[in-house]
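What follows draws every value from the coordinates through simple rules; no lab data is involved. Note that this is a predicted model, so its numbers are computed, not measured. Cβ placement follows ideal geometry from the backbone for every residue including glycine, while neighbour counts extend to all protein chains displayed.
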Amino acid sequence: MKYIKTEKAPRAIGPYSQAVLLENRTLFISGQLGLDPKTMQLKENIHDQTVQSLKNIKSILSEAGYKKNNVAKVTILLKDINDFSVVNEIYSSFFEEHKPARSTFAVKELPKNGLVEIEAIAFK
């Protein structure tokens with residue numbers, strides 16, 4: 001098991017890794033909030049938090065030598081299910097023609113009072 005860490009994504013805000021790589025094949029990316037990695041502050045709204053969360057995932061993928069097309073499964077947690085269409089539009093443009101398996105849930109609260117958290121599993 002190898003721990004993946006990059007300064008281009010927010011540092012972990014708890015006792016966990018940004019990502020873990022198993023047997024140089026499967027990459028588990030921890031849930032990414034819409035935190036700016038430089039300021040560790042949340043972006044202002046659901047649109048910007050979603051964009052930032054996906055940028056953070058892309059940075060972690062890159063650090064591990066993976067690409068967006070290696071993502072096999074995504075889980076999205078939303079503070080408000082009414083944000084589903086906004087998040088879905090941004091998500092679609094991020095992954096383009098690639099369509100990983102996905103689950104989306106509304107939750108009562110997210111860390112730091114975030115509006116969206118996205119985690120991913122990638123495979124080579």
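Tell me which residues, restricted to segment 14-29, are in a loop (DSSP other than H, G, I, E, B) and surrounded by 12 or more Cβ atoms within 10 Å (Cβ to Cβ).
Keep residues of segment 14-29 that are in a loop (DSSP other than H, G, I, E, B), which gives 14-18, 23-25.
Passing the criteria: Ser17, Gln18.
Yes or no, residue by residue, for (1) surrounded by 20 or more Cβ atoms within 10 Å (Cβ to Cβ); (2) not polar (S, T, N, Q):
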site: Gln32; (1), (2): yes, no
site: Leu35; (1), (2): yes, yes
site: Gln49; (1), (2): yes, no
site: Leu54; (1), (2): yes, yes
site: Glu63; (1), (2): no, yes
site: Asn88; (1), (2): no, no
site: Pro111; (1), (2): no, yes
site: Ile118; (1), (2): yes, yes
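Quick grid of which residues meet (1) within 13 Å of Ile46 (Cβ to Cβ); (2) in contact (Cβ under 8 Å) with a residue 12 or more places away in the chain; (3) not in a loop (DSSP other than H, G, I, E, B):
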residue	(1), (2), (3)
Asn82	yes, no, yes
Val87	yes, yes, yes
Lys99	no, no, no
Phe105	no, yes, yes
Ile118	yes, yes, yes
Ala122	no, yes, yes
